[in-house]
Amino acid sequence: MASRSLSRLALAATGVLLASLLGGTATAQAADTPVFWRVPATAAQAQALEAAGFDVEEGDAGAVLVVGGQAVANQLRTRGFTPSFHDTVYKELPAQRNSLAADTFYGGYRTVTAHENHLTAVAAAHPDLATKYTIGQSWKKTKGQGGHDIQASASPRSRPATARSRRRRRSRSSS
């Protein structure tokens, strides 16, 4: 009986030790997930880090921020620097409360379809202020690989010039 209790205690202690060594939570950053490392450095050292290929960002007085995972932090340490965790690069997005959430990504950028729908809605709601135009095709569409028309809106008075309207203007100006 005593050996079974001792085994359970040892197993629990091992679990606690492993959890503390591995970051303690299931949401801990993976070793290769980029983060901002605060690195005390002079301006000359910051330039040398950048020249060596590190992703160096502006920091505060006497330090710079270097973007990278645990491997980058280890490389900095081998060069004599003392990086310390500053912040995460990737942030959790807040829950969307509006109807655009399904048509957006990264917290508000519209998808192509949502952008086209928005242009159509604005042009329909305000025909005196906005007209939707197709001004070209995406590279994928020109290659027959899907893609989209490239659409824009403009005031009806500033309608984009077509080849036909440009020829008319040239012929009027040359006469």
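Overview of values
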read-out	value
Ordering of 81-87, 121-127 by packing [mean C-beta count within 10 Å, highest first]	81-87, 121-127
Sites Ala43 and Tyr90, calculated FRET efficiency, Cβ-Cβ separation with R0 25 Å, nearest 0.05	0.30
Coil-residue GluC sites (Glu not before Pro) of segment 34-76, DSSP, other Cβ within 10 Å capped at 13	Glu58
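Where a number appears in this text, it was derived from the coordinates with a stated rule and is not lab data. Fair warning: this is a prediction, and the values are worked out from it, not measured in the lab. Neighbour counts are summed over all protein chains in view; Cβ atoms, including those assigned to glycine, are modelled from backbone coordinates with ideal geometry.
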